[in-house]
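*Asks:* There's a structure below that I have some questions on.
Each reported figure results from applying straightforward, stated rules to the coordinates on display, with no laboratory input. Here the structure is a predicted model, which means the values were calculated and not measured. All Cβ positions, even for glycine, are placed from backbone atoms using ideal geometry, and neighbour counts span all protein chains on display.
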Amino acid sequence: MAPTVLHLRSETKPLERRSALTPTTTKALLDAGYIVNVERSPGRIFDDGEFEAVGATLVPEGSWVDAPKDHIIVGLKELPESDAPLHHQHIQFGHCYKYQENWDRYLSRFVRGGGTLYDIEFLTDESGRRVSAFGYNAGYAGAAVALLAWSHQLVHPTVAMPSLPMYPSATPLIADVEASLASAIPHNNSQHPRVLIMGALGRCGTGAIDFCLAAGIPASNLVKWDLAETAAGGPFPEIAASDIFINCVYLFTPIPPFITLDSLAKPGRKLRVACDISCDPNSTNNPMPIYREYTTFTRPTQPIHVEGDGPPLTVISIDHLPSLVPREASEAFSAGVLPSLKVLDNRHDEGVWVRAEKLFKEKASELPAALVGS
């Protein structure tokens, strides 16, 4: 049997610097008998030469489109908007299984081309737990951006937050946040911000807590909520009473919202920054229905108009936050998914891939006939 070929594509999403495969995991796959082709990429945090040094074959950027149909295309973020059919098996985040905006148009491309989407978000073990996720680093980076936004608003209350620098690693990010906090705290009665973290017991919440502590936020200023605190259902006035709210809760079904414009309009609101790490603004599962669009690294915050006597409020809703710490995030994620990648040869029998393909077919069966040409 010919060896399975994996084709790592260059990411096309602006400022996406993470990689589904790293030089370390690429070498492990090569040692396991796979062939790994790696597209040259100007934005990836790992240099092309790092992949070449471990034995991968470098191929032109964007060449996955013309790769043999039996090559498996590996990436992270969804592909650019297009109606072109997709013929390959793709491993990526599709962002289309929770009925996000244009989900049907995106998914129909695979069906019309005879391809398959193995959605990374839904690669699960026998217990239903994801085999790998960016949750920890999403929380880590989300907390960093939230603290930067809070500091900026206090020091420059009438100026929009500028583009975020592209950090090579976590160390300079921590230093920047420490400096920003030092300049802002005198404008807040010499007090550190009070940060409420929703979903504090999960991977994402743990990352948010760890960054806050690393940046010097006292543990006593961290309000850690999880299932027990939210059992009664929102909206929760405690969020409005905090300076920063970080949502780390990942939902599959709708629940009562954590906050609403009405709940935030009540007297005495202190909340200045709401960071939605789960980031589903166009989904019915969004527990923060106070905004409807994503923000980006070049426009990190969006102002939210709220009635009442509270301070200005901004929302952060960047859907690839771990790119702020791209090397650490890529290494951790890729190591987590590596055991599943090593059994791709047997994907028609291995549970993780069987489950992923079954879910793809279930979602595809919901597509309107007009989109799939039947």
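*Asks:* For the chain, what is the relative contact order in percent, using Cα pairs closer than 8 Å and at least 6 residues apart in sequence?
*Replies:* Values: 750 pairs, mean separation 69.7, N = 374.
Computed value for the chain: 19 percent relative contact order.
*Asks:* Counting helices only, and only those DSSP H runs with n ≥ 4, report the 222 nm mean residue ellipticity of the chain as the sum of -39,500 (n - 2.57) divided by its residues, in deg cm²/dmol to the nearest 500.
*Replies:* Estimated from H runs of four or more residues: -9500 deg cm²/dmol.
*Asks:* Let me ask something additional. Using θ = phi - 60° and the Karplus curve 6.51 cos²θ - 1.76 cosθ + 1.60, what whole-Hz ³J(HN,Hα) does each residue of segment 161-172 get, with Gly and Pro shown as x?
*Replies:* Along segment 161-172, the couplings run 5, x, 4, 7, x, 8, 6, x, 6, 6, 4, x Hz.
*Asks:* Compute the angle between helix 326-341 and the longest alpha-carbon principal axis of the chain, please, reported from 0 to 90 degrees and rounded to the nearest 10.
*Replies:* 40 degrees
*Asks:* Order the peptides 354-361, 319-326, 269-276 from the highest to the lowest mean number of other Cβ atoms within 10 Å of their residues.
*Replies:* 319-326, 269-276, 354-361
*Asks:* Here is a further query. Return an integer: the convex hull volume of the alpha-carbon atoms of segment 242-374, in Å³ per residue.
*Replies:* Values: hull volume 23.0 nm³, N = 133.
Value for segment 242-374: 173 Å³ per residue.
*Asks:* Under a Cβ-Cβ limit of 4.7 Å, which cysteines in the chain have nobody to pair with?
*Replies:* Lacking a cysteine Cβ partner under 4.7 Å: Cys96, Cys212, Cys275, Cys279.
*Asks:* Any idea how far the Cα center of segment 299-374 sits from the one of segment 139-207, in Å?
*Replies:* 24 Å
*Asks:* Taking a quarter of the surface of the convex hull around the Cα atoms of the chain, what do you get in nm²?
*Replies:* Mean projected area of the Cα convex hull: 19.1 nm².
*Asks:* Among the trypsin sites (Lys or Arg not before Pro) in segment 85-145, which ones are in a DSSP loop with at most 12 other Cβ atoms within 10 Å of the Cβ? Mind listing them? Present the calculation step by step, with values, prior to reporting the outcome.
*Replies:* On the way: sites: Lys98, Arg105, Arg109, Arg112, Arg129, Arg130; in loops: Lys98, Arg129.
Sparse-neighbourhood loop trypsin sites (Lys or Arg not before Pro): Arg129.
*Asks:* Could you list the GluC sites (Glu not before Pro) in segment 1-42 that lie in coil according to DSSP, counting only those with at most 10 other Cβ atoms within 10 Å of their Cβ?
*Replies:* Answer in residue order: no site qualifies.
*Asks:* Cut-off under 24 Å on the C-alpha distance; same-chain residues fewer than 8 positions from Lys98 excluded. Which lysines are left, in chain and number order?
*Replies:* Lys13, Lys77, Lys358, Lys361, Lys363
*Asks:* If you don't mind, another one. Averaging sequence separations of C-alpha pairs under 8 Å and six or more residues apart, then dividing by the length of segment 1-114, give the relative contact order as a whole percent.
*Replies:* 26 percent
*Asks:* While we're here: Can you tell me, using C-alpha contacts under 8 Å and at least 6 residues apart, the relative contact order of segment 60-167 as a whole percent?
*Replies:* 18 percent
*Asks:* Taking a ≥ b ≥ c as the square roots of the eigenvalues of the Cα gyration tensor of segment 138-181, is the shape rounded (a/c under 1.5), prolate (a/b larger than b/c) or oblate?
*Replies:* prolate
*Asks:* In segment 289-328, which GluC sites (Glu not before Pro) are in a loop and have at most 15 other Cβ atoms within 10 Å, using DSSP for the loop call?
*Replies:* Those that pass, being in a loop and sparsely packed, are Glu293, Glu307.
*Asks:* Further question on the same structure: Considering the options Leu313, Ala231, Phe333, tell which one lies farthest towards the positive end of the dipole of segment 218-356, charges being +1 on Lys and Arg and -1 on Asp and Glu at the Cβ, about the Cα centre.
*Replies:* Leu313
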